[in-house]
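Read the structure below first, then the notes.
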Amino acid sequence: MKRNLFPLFIFSLVFFVSCKKDPAIPVDQTIEVEQPSYFPSPVYTFDNNTFTQDGFELGRMLFYDPVLSLDSTVSCATCHQQFAAFSNFDHPTSHGINSLFGKRNTPALYNLIWKTNFMWDGGVNNLEIQPINPITNPIEMGETLENVLMKLNRQKKYIDKVKLAFGVDSIDSQKLLKSLAQFMGAMSSNNTRYDDYLQGKPDAFNSSELSGLNIFKEKCASCHAEPLLTNNGFVNNGLDSIFSDSGRQKITQLAEDAGKFKIPSLRNIAVTLPYMHDGRFNTLEEVVDHYSNGIVSSTTVDSTLPIGGFQFSVQQKTDLIIFLNTLTDDDFLHDARFSDPAFQ
Amino acid sequence: MKVLQYISIVVLTVVIFSACKKDEQIAPVPGMAKIEFNHVVGASDLTFNSVVYTNSSAETFTISKLRYYVSNIQFTKDDNTVFVEPESYHLIDAKDENTDELTISNVPDGNYTSITFMIGVDSTRNVSGAQTGALDPLNDMFWDWNSGYIFFKMEGDCDQAGSFIYHVGGYSGKYAAQRMVTVLFNGNKLTVAEGKIPQLLLHVDVASFFSTPNTISIVDLTNSGSAGATSSMLADQYAGMFAFDKIQN
């Protein structure tokens, strides 16, 4: 009798294991904000916005809900696509309501709690404040905060969720913004082969990648500072001699800031095409070519960039691009906790 | 046994009474004072839209909007001690009678000789994310694209220049537009005491905005819409708008 049961036991085991892997079974949605030990202290601390699972989930519902736009056609996720590290894949600039286009490239969203300011010109000073811009910009979502709150407070799912998240009976502007900050603030991206290298894992990089890393450290890392791969500063990286967009100067009104833009992190750079503040470059090859041969002179061009470019060899360019491809965090791009809750 | 019962009752009574007493002692005496902002243009009360005024550049104009933040209010007593209002953020809308009178609570008893407040919002609250109450971005006193509060809005129409819009803000750096204003009570005293709600009346003079310390010509300046040199200059103008009128104790 005992011997007869053994195959059944094995079968059950196989069945259970296969069940576990079945994607139809909901995956664990529990979230906490990952802060790797080798990252600096975050700028945004959640001290005044206690992070909770429900707060995060409310933010996630809002992020994916086109009701935030005037005609319910545009959500945050319309222009911030997870598979593109929450940038807008293959769009130099993005579609707002009524097919209106902005004039700057949609930035990727990750590691936001380490950023000192937001937007290409750094005009926004707090993660919680950022969403007001796309919601109220007439060429993005074109709404008013008043209308958005009115529409949200008509829906039971939001009333129920804000009760769980904040213990209140309706969403006000502060709860809207704080829950979005919880969702976006939890988007930590730190699981790449470059992170393996940073943590000293042996053989994380092959010789080409190591060579690319060394070129990067020598030529790029003063702005794209490790390990976040940005120093959060603003520079003119020699794209134009005359500026069609004055960039940081719009915020500071200082002539010395004309044509300067935020230094973006290079994490997930292989999937956040196109590149630069106006999305003018479609490939990493074009970007590397710019730094190699395309730096043009202007009144504010960064002093660390040689006019005419670094004159990389073909091998150096190849190695640099190979290194940049180690910065993609596939787990982050496919993390179900950051995906559209409507499809789960 | 009976003795024990008596003792219990006595002890219980004492406990109850002493608890009552303590409560009375802990409860603060809520000293109150009111501040009323009366908006004027020179010698006339400010009337929106319909009344035409003349500024020091001999331009004729009407006013359609006047809103500003008053924050970080402090009263100074005749013994030089200072009361600082906690969470002191107020949005004054000259058009809205519900907002142009502030009630300040928990003011210690005493005779006060001056008031100090900020026109604008301190830099801390400008960088601290989503706020509520007077600082809710729904109040239409917030720049989102260059984040920070709009400290002061004055809008109107000028016969010589058309519409003018002065939005003033900027919380840090050399163009910071917060201004601390101290108004002395000219020897009068605001007496805060139990059972009294003394009232401080201030004049807020639009004519002064156009004349002091700089002469503002609307023809030369029809628009201010961001932090910067112009905002900072206009902040100097609003710093001088506030004057003592009277106290009603």
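The values are calculated or read from the model by the stated rules, or taken from the named source; none is laboratory data. Just so you know, these numbers come straight off a predicted model, no measurement behind them. Cβ coordinates were reconstructed from backbone atoms using ideal geometry, including for glycine residues, and neighbour counts include every protein chain displayed.
Summary table
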{"quantity": "Tally, over the stretch A:238-285, of residues that are over 19 Å from A:Val301 (Cα atoms) and part of a helix (DSSP H, G or I)", "calculated": "5"}
{"quantity": "Extreme residue, surrounded by the most Cβ atoms within 10 Å (Cβ to Cβ), among residues of the stretch A:122-141 that are more than 8 Å from chain B (Cβ to nearest Cβ) and either acidic (Asp, Glu) or farther than 25 Å from B:Tyr171 by Cβ (or both)", "calculated": "A:Met141"}
{"quantity": "Condition met for B:Leu138 (within 18 Å of the chain's Cα centre (by Cα) and either surrounded by fewer than 19 Cβ atoms within 10 Å (Cβ to Cβ) or assigned to a loop (DSSP other than H, G, I, E, B) (or both))", "calculated": "no"}
{"quantity": "Any hit, the stretch B:125-145, residues being modelled with pLDDT under 95 and at the interface with another protein chain (Cβ under 7 Å from one of its Cβ atoms)", "calculated": "yes"}
{"quantity": "Close pairs (7 angstrom Cβ cut-off, 6 or more residues apart or separate chains): more than 17 Å from B:Tyr166 (Cα to Cα) in the stretch B:59-74, of a type in the set (S, T, N, Q) anywhere", "calculated": "B:Ser71/B:Ser88; B:Asn72/B:Ser88; B:Ile73/B:Ser88; B:Gln74/B:Thr116"}
{"quantity": "The stretch A:76-89 residues that are part of a strand (DSSP E or B), paired with ones that are surrounded by fewer than 20 Cβ atoms within 10 Å (Cβ to Cβ) (beta carbon under 6 Å, 6 or more apart)", "calculated": "A:Gln81/A:Phe89"}
{"quantity": "Sole exception among (1) in contact with a strand residue (DSSP E or B) (Cβ under 9 Å, 6 or more places away or on another chain); (2) at positive phi for B:Ala58, by number", "calculated": "(1)"}
{"quantity": "For A:Thr116: the one exception among (1) buried (at least 19 other Cβ atoms within 10 Å of the Cβ); (2) within 11 Å of chain B (Cβ to nearest Cβ)", "calculated": "(1)"}
{"quantity": "Lone unmet requirement of (1) at pLDDT below 95; (2) closer than 30 Å to A:Asn98 by Cα; (3) not polar (S, T, N, Q) for A:Ala24", "calculated": "(2)"}
{"quantity": "Any hit, the stretch B:93-102, residues being outside any strand (DSSP E or B), closer than 19 Å to B:Phe242 by Cα, in contact with an Asp or Glu (Cβ under 9 Å, 6 or more places away or on another chain) and at pLDDT 95 or above", "calculated": "yes"}
{"quantity": "Qualifying residues in the stretch A:50-89 (those that are under 21 Å from A:Gln155 (Cα atoms) and among the β-branched types (Val, Ile, Thr)) - the one surrounded by the most Cβ atoms within 10 Å (Cβ to Cβ)", "calculated": "A:Val74"}
{"quantity": "Some residue of the stretch B:149-164 being crowded, with 20+ Cβ neighbours inside 10 Å, within 14 Å of chain A (Cβ to nearest Cβ) and in a strand (DSSP E or B)", "calculated": "yes"}
{"quantity": "Test: residue in the stretch B:203-211 that is surrounded by 21 or more Cβ atoms within 10 Å (Cβ to Cβ) and closer than 30 Å to B:Asp109 by Cβ", "calculated": "yes"}
{"quantity": "Flag for A:Asp172 being facing chain B (nearest Cβ under 10 Å), surrounded by fewer than 21 Cβ atoms within 10 Å (Cβ to Cβ), out of contact with any Ser or Thr (no Cβ under 6 Å at 6 or more places or on another chain) and on the phi < 0 side of the Ramachandran plot", "calculated": "yes"}
{"quantity": "Of the criteria (1) among the hydrophobic types (A, V, I, L, M, F, W, C); (2) over 24 Å from B:Thr76 (Cβ atoms); (3) surrounded by 16 or more Cβ atoms within 10 Å (Cβ to Cβ), which one B:Ala239 fails", "calculated": "(2)"}
{"quantity": "Selection within the stretch B:94-121 - closer than 25 Å to B:Tyr171 by Cβ and crowded, with 18+ Cβ neighbours inside 10 Å", "calculated": "B:Ala94, B:Asp100, B:Leu102, B:Ile104, B:Ile115, B:Phe117, B:Met118, B:Ile119, B:Gly120, B:Val121"}
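Residues are listed down the side, and each one gets a yes or a no for (1) touching a helix residue (DSSP H, G or I) at 6+ places or on another chain (Cβ under 9 Å); (2) within 12 Å of another protein chain (Cβ to nearest Cβ); (3) surrounded by fewer than 23 Cβ atoms within 10 Å (Cβ to Cβ); (4) more than 18 Å from B:Val127 (Cα to Cα):
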site	(1), (2), (3), (4)
A:Leu149	yes, yes, yes, yes
A:Arg154	no, no, yes, yes
A:Asp160	no, no, yes, yes
A:Leu177	yes, yes, no, no
A:Leu180	yes, yes, no, no
A:Asn206	yes, no, yes, yes
A:Phe216	yes, no, yes, yes
